[in-house]
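Asks: Okay, handing you the structure first.
The values are calculated or read from the model by the stated rules, or taken from the named source; none is laboratory data. Source: prediction; values computed, not measured. Cβ placement follows ideal geometry from the backbone for every residue including glycine, while neighbour counts extend to all protein chains displayed. SASA here: full protein model, heavy atoms, side chains in, ligands and nucleic acids out. Shrake-Rupley method; radii C 1.70, N 1.55, O 1.52, S 1.80 Å.
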Number of protein chains: 2
Amino acid sequence: MRLATVKDGGRDGTLVAVSLDGARVATVPGYSTLQAALDDWDAAQDALHAAAAAAEAGRVASPADFAAPLPRAWQWLDGSAFPNHGALMQRAFNHAPIETDLPLMYQGMSHQFIAPTDDVPMPSEADGIDFEGEFGIVTGDVPMGCAARDALAHVRLVLLINDWSLRAIAPVEMKTGFGWVQAKPACSVAPFAVTPDELGDAWRDGRVCLPLTVEVDGRWFGNPNGVAMAFGFHELIAHAARSRSLPAGTIIGSGTVSNPEHETVGSTCISERRAIEMIAGGGPKTEFLSFGSRVTMRAGEGASPFGVIDQQVVAG
Amino acid sequence: MRLATVKDGGRDGTLVAVSLDGARVATVPGYSTLQAALDDWDAAQDALHAAAAAAEAGRVASPADFAAPLPRAWQWLDGSAFPNHGALMQRAFNHAPIETDLPLMYQGMSHQFIAPTDDVPMPSEADGIDFEGEFGIVTGDVPMGCAARDALAHVRLVLLINDWSLRAIAPVEMKTGFGWVQAKPACSVAPFAVTPDELGDAWRDGRVCLPLTVEVDGRWFGNPNGVAMAFGFHELIAHAARSRSLPAGTIIGSGTVSNPEHETVGSTCISERRAIEMIAGGGPKTEFLSFGSRVTMRAGEGASPFGVIDQQVVAG
């Protein structure tokens, strides 16, 4: 089952189920928003499945009709679970290794997620405007102290996310130890939120085992696979719930998808490609984004189960 | 004007205005929650002032009736604006100075703020359970790029907050550079959210110029004054809004209130007192909290304008 939110002028949009071809939608009687369905997930199952069936003959929706599945959420916790990414950044910038055996995770802004084809306003090109291609999951209510072995049962939906990042600010904030505020503006999210069963074999061990393909201004940038997470989403959920309960609608991100085979599969952020260029000698060559740059993200080999993020960066 | 939220079994409670003596309340016609009033602040003024007048003859409310003013919020950004606190921690633990001229700020969990007399569940006494007495403000909608000189006009309400902290985890997470997730469980908030004008001369230069008094198990722990912030709340708002707009209902915290005269005014967190004990030689003497410990916070010399936080830590 695939769910989405269509724009309606309000802050939370209107929940819809999506047809198999992604072209048609139907509303869900009794559940006007995705958050409402997540708050009442088990009871909502019949209505959601009926809407999914109705969507096959539903109204046609265009990409610009869709908001982010959750245009705002009560919590966004982003991991950094691909060790290849961390290792490359550490080697390029000559950092000391991060001293932890636990998953890396920060809390990011969750009051706004940008629609998949909306323009992305940024304050300045001098900030080092960059993208990060990630997979994410949406949880149900998770009790404090939930163990990793129990956590997969709380995964409701899977997402494709672009975690926009400002690279001129990120290391300054990271050095304080306080995490990122200015360096992490609002994320963008692909239109379709997908139940794990819909992904079939591609949902394994709490990982989205699909390539995540990024293009910049129409040119291939990378397509590494989500299989290479050091920690699965169940382990990220358990980490997040160590001293807090997670409300339904919590979004947890994988961090930048990155594979050791980066010479063939490329990267899902500019910063990592620049690190690879620095390690190869001769310094970074790939520039960060400019106003007018277009970034596209999709997943899988055929039609993207999450639909497509296709956006332009603009002066904010 | 003082506003509060009374428990009603729902996630957001019911908005009330509070009488001058803090003992009586009246609901606000047309605005069932504080978030709804914040979303529509200018238009809500007449209804809020009428409710404040009605509260003088309103129904009697007991401390246990109150939820946190915002039982959940779309954003919680906590500063660390008292340089004395940072200097003591750095000296005691022999840290390198934090390299930044900007305000320190992290994003914390905002989906739950604990009611002022509710028990506070914690996973383990071994985590180093500690409190942090802070002042905070609630903003209206703030546009991205808002300058500090324009930011005070966006302050809607002032709060008294206990930012619960787990000291065995905090340094481990801080070393990663990603900020705190596990070390920062839900905060508690005093019952009354106060408009800045209600504070009179005590609201100056974007600072709450009042002593914040903490007691642990009925014994004085400290009463340092909020005047000593290195950055005012207007500067914290501008820092937060550098690359994002802030939604109405954003809560921004001052960080642990701390004064250079700590020998006479004490501290508002155990960790700082332990640091002072370490610097004096002989190691830390004050223990972190146990299950059953009671922490009380109030502000001002007479009746606390924010009311009182009075809570017990329990096994979660």
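Asks: Out of all the residues in segment B:291-316, which are small (Gly, Ala, Ser) and within 13 Å of B:SER188 (Cβ to Cβ)?
Replies: Once the filter is applied, which keeps residues that are small (Gly, Ala, Ser) and within 13 Å of B:SER188 (Cβ to Cβ), segment B:291-316 yields only B:GLY307.
Asks: Inspect all residues belonging to segment A:43-63 and state whether any of them is at pLDDT below 95 and either under 21 Å from the mean Cα position of the chain (by Cα) or outside the structural domain of A:CYS187 (by TED's automatic domain parsing) (or both).
Replies: no
Asks: Test of understanding: among B:GLY302, B:GLY307, B:GLY316, which residue is under 26 Å from A:MET144 (Cα atoms) and either out of contact with any Ser or Thr (no Cβ under 7 Å at 6 or more places or on another chain) or modelled with pLDDT of 95 or more (or both)?
Replies: It is B:GLY316.
Asks: Please enumerate the residues belonging to segment A:286-314 that are among the hydroxyl-bearing types (Ser, Thr, Tyr) and either open to solvent by 20 Å² or more (accessible area, probe 1.4 Å) or out of contact with any strand residue (DSSP E or B) (no Cβ under 9 Å at 6 or more places or on another chain) (or both).
Replies: Of everything in segment A:286-314, those that are among the hydroxyl-bearing types (Ser, Thr, Tyr) and either open to solvent by 20 Å² or more (accessible area, probe 1.4 Å) or out of contact with any strand residue (DSSP E or B) (no Cβ under 9 Å at 6 or more places or on another chain) (or both) turn out to be A:THR286, A:SER290.
Asks: Let me ask something else. Of the residues A:SER80, A:SER124, only one is farther than 29 Å from A:THR33 by Cβ, in contact with a Phe, Trp or Tyr (Cβ under 8 Å, 6 or more places away or on another chain), open to solvent by 30 Å² or more (accessible area, probe 1.4 Å) and not assigned by TED's automatic domain parsing to the domain that holds A:LEU15; which?
Replies: A:SER80
Asks: Continuing with the same structure: For segment B:238-255, which residues satisfy the criterion of being open to solvent by 10 Å² or more (accessible area, probe 1.4 Å) and of a type in the set (Lys, Arg)?
Replies: Residue satisfying the conditions is B:ARG242 alone.
Asks: Between B:ALA303, B:ALA275, B:ALA241, which is over 24 Å from B:TRP220 (Cα atoms) and in the same structural domain as B:ASP118 (by TED's automatic domain parsing)?
Replies: Going through B:ALA303, B:ALA275, B:ALA241 in turn, just one is over 24 Å from B:TRP220 (Cα atoms) and in the same structural domain as B:ASP118 (by TED's automatic domain parsing): B:ALA241.
Asks: Is it the case, given these coordinates, that B:GLY283 is part of a loop (DSSP other than H, G, I, E, B) and surrounded by fewer than 18 Cβ atoms within 10 Å (Cβ to Cβ)?
Replies: Criteria met by B:GLY283.
Asks: Report every pair of residues separated by at least 6 positions or lying on different chains whose Cβ atoms are under 7 Å apart, first residue within segment B:181-209 and more than 30 Å from A:LEU77 (Cβ to Cβ), second surrounded by fewer than 24 Cβ atoms within 10 Å (Cβ to Cβ) and β-branched (Val, Ile, Thr).
Replies: Note: pairs meeting the criteria are B:PRO196/B:VAL155; B:ARG207/B:VAL227; B:CYS209/B:VAL227.
Asks: Right, next: Pairs please, first residue from segment B:102-114 and more than 15 Å from A:HIS111 (Cβ to Cβ), second anywhere and among the aromatic types (Phe, Trp, Tyr) and outside any loop (DSSP other than H, G, I, E, B), Cβ atoms under 9 Å, 6+ apart in sequence or on different chains.
Replies: From segment B:102-114, the pairs are B:LEU104/A:PHE178; B:MET105/A:PHE178; B:TYR106/A:TYR106; B:TYR106/A:PHE178; B:PHE113/B:TRP76.
Asks: Here's a follow-up. Which pairs turn up if I take residues in segment A:119-146 that are within 13 Å of chain B (Cβ to nearest Cβ) and look for partners that are part of a helix (DSSP H, G or I) and β-branched (Val, Ile, Thr) with beta carbon separation below 7 Å, at least 6 apart in sequence or on another chain?
Replies: Cβ pairs passing all conditions: A:ASP130/A:ILE270; A:THR139/A:ILE237; A:VAL142/A:ILE237; A:CYS146/A:ILE237.
Asks: Only one of A:GLU173, A:GLU198, A:GLU132 is of a type outside the set (A, V, I, L, M, F, W, C) and more than 30 Å from B:LYS184 (Cβ to Cβ). Can you tell me which?
Replies: Going through A:GLU173, A:GLU198, A:GLU132 in turn, the sole match is A:GLU198.
For every residue, the table says whether it meets (1) under 14 Å from A:ALA183 (Cα atoms); (2) out of contact with any Leu (no Cβ under 6 Å at 6 or more places or on another chain).
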residue: A:MET105; (1), (2): no, no
residue: A:GLN112; (1), (2): no, yes
residue: A:ASP118; (1), (2): no, yes
residue: A:ASP127; (1), (2): yes, no
residue: A:GLU132; (1), (2): yes, yes
residue: A:PHE135; (1), (2): no, yes
residue: A:GLY140; (1), (2): no, yes
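Asks: When you check B:THR268 against the structure, is it assigned to a loop (DSSP other than H, G, I, E, B), within 14 Å of chain A (Cβ to nearest Cβ) and of a type in the set (Val, Ile, Thr), yes or no?
Replies: It is false that B:THR268 is assigned to a loop (DSSP other than H, G, I, E, B), within 14 Å of chain A (Cβ to nearest Cβ) and of a type in the set (Val, Ile, Thr).
Asks: Look through A:ASP46, A:ASP21, A:ASP78 and report the one residue that is assigned to a strand (DSSP E or B), out of contact with any Leu (no Cβ under 8 Å at 6 or more places or on another chain) and not aliphatic (A, V, I, L, M).
Replies: Within the list A:ASP46, A:ASP21, A:ASP78, the selection yields A:ASP78.
Asks: If the Cβ limit is 7 Å and pairs must be 6+ apart or interchain, which residue in segment B:64-76 that is within 11 Å of chain A (Cβ to nearest Cβ) pairs with which residue that is small (Gly, Ala, Ser)?
Replies: Every condition considered, the pairs that remain are B:ARG72/B:SER110; B:ALA73/B:SER110; B:ALA73/B:GLY249; B:TRP74/B:SER110; B:TRP74/B:GLY249; B:GLN75/B:SER110; B:TRP76/B:GLY108; B:TRP76/B:SER110.
Asks: Being in contact (Cβ under 8 Å) with a residue 60 or more places away in the chain and either within 18 Å of the chain's Cα centre (by Cα) or away from every other protein chain (no Cβ under 14 Å) (or both) is the requirement here; does A:THR14 meet it?
Replies: Here the answer is no, as A:THR14 does not meet what is asked.
Asks: Turning to a different aspect of this structure: Do we find a residue being modelled with pLDDT of 95 or more, surrounded by fewer than 16 Cβ atoms within 10 Å (Cβ to Cβ), within 26 Å of A:GLY145 (Cβ to Cβ) and not assigned by TED's automatic domain parsing to the domain that holds B:LEU48 anywhere in segment B:154-166?
Replies: No, because not a single residue in segment B:154-166 is modelled with pLDDT of 95 or more, surrounded by fewer than 16 Cβ atoms within 10 Å (Cβ to Cβ), within 26 Å of A:GLY145 (Cβ to Cβ) and not assigned by TED's automatic domain parsing to the domain that holds B:LEU48.
Asks: Out of segment A:1-18, which residues are in a loop (DSSP other than H, G, I, E, B) and either open to solvent by 40 Å² or more (accessible area, probe 1.4 Å) or of a type in the set (D, E, K, R) (or both)?
Replies: A:LYS7, A:ASP8, A:GLY9, A:GLY10, A:ARG11, A:ASP12
Asks: Looking only at residues in segment B:95-118 that are over 22 Å from B:PHE82 (Cα atoms) and surrounded by 21 or more Cβ atoms within 10 Å (Cβ to Cβ), which one is farthest from the other protein chains (Cβ to nearest Cβ)?
Replies: The residue in question is B:PRO116.
Asks: Can you give me the number of residues within segment B:212-237 that are assigned to a strand (DSSP E or B), among the small types (Gly, Ala, Ser) and surrounded by fewer than 17 Cβ atoms within 10 Å (Cβ to Cβ)?
Replies: Here the count works out to 0.
Asks: Turning to a different aspect of this structure: Could you list, in sequence order, all residues of segment A:177-211 that are within 11 Å of chain B (Cβ to nearest Cβ), open to solvent by 10 Å² or more (accessible area, probe 1.4 Å) and in contact with a helix residue (DSSP H, G or I) (Cβ under 7 Å, 6 or more places away or on another chain)?
Replies: Selection gives A:TRP180, A:GLN182.
Asks: Quick check on segment A:4-35: of everything there that is among the small types (Gly, Ala, Ser) and either in the same structural domain as A:PRO247 (by TED's automatic domain parsing) or within 17 Å of A:PHE113 (Cα to Cα) (or both), which residue is modelled with the lowest pLDDT?
Replies: Among those residues, the one meeting the criterion is A:GLY10.
Asks: Here's another thing I want to ask about it. Assess whether B:SER258 counts as being part of a loop (DSSP other than H, G, I, E, B), surrounded by 15 or more Cβ atoms within 10 Å (Cβ to Cβ) and of a type in the set (S, T, N, Q).
Replies: The answer is yes for B:SER258.
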